Ligand SMILES: [Zn+2]
């Protein structure tokens, strides 16, 4: 339960073999945390750019290691968040699932009443793996804390933060 402060680098990430080169997009079978998160970061790069919101990608993977859904910012509506867009494509019961998001899920939000942290908690997902801790630009980033308090394990893979930040360079 105290694994959320992944500051000690390489150790935290589920012992994902070969996380130094988080490749593996060409073969969805047996992808590790870093591989799924890299995919989420690549989805972020496909978002229509915005001057008032981050570009984020999210992938939801079931307990069996198979992709359930993916989403990205502003996918169907200017207010859509990536995690929210992905969650909307699932049947709702995500017990045991992992949510991969290029950005820490929001714990506060200006655009809609329910934050992604709340939506993820309600879904039953067990873990959230993200690359980039939300900078205090639009709202304060508290998503990881909110998740942890509700028993959802937040895992940060800071080695992919640069990739997650890239499509947002114009905001920073
Ligand atoms: Zn959100």
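Over all distinct alpha-carbon pairs, what is the Kirkwood Rh of the stretch 92-159 in angstrom?
Details: mean 1/r = 0.0849 Å⁻¹.
Taking every pair of different Cα atoms in the stretch 92-159, averaging 1/r and inverting gives 11.8 Å.
Calculate how large, on average over all directions, the projected area of the Cα convex hull of the stretch 40-171 is; give the answer in nm² to one decimal. Kindly include the intermediate steps, with their values, before the conclusion.
Numbers: hull surface 27.5 nm².
Reported value for the Cα convex hull: 6.9 nm².
Of 54, 130, how do they rank once you tally other Cβ atoms within 10 Å and put the fewest first?
54, 130
Output the relative contact order of the stretch 40-171, whole-number percent, from Cα pairs under 8 angstrom with separation of 6+ residues.
Contact order relative to length: 23 percent.
Counting other beta carbons within 10 Å of each Cβ, put 114, 133, 165, 51 in order, fewest first.
51, 114, 133, 165
Points 7 angstrom from Cα along the Cβ direction at residue 64 and residue 90: gap in nanometres?
With each label placed 7 Å out from Cα toward Cβ, I get 1.5 nm.
Quick note: the coordinates plus some simple rules give every number you see, no bench work behind them. Predicted model only: the values in this text are computed from it and were never measured. Note: ideal-geometry Cβ built from the backbone for every residue, glycine included; neighbour counts use all protein chains shown.
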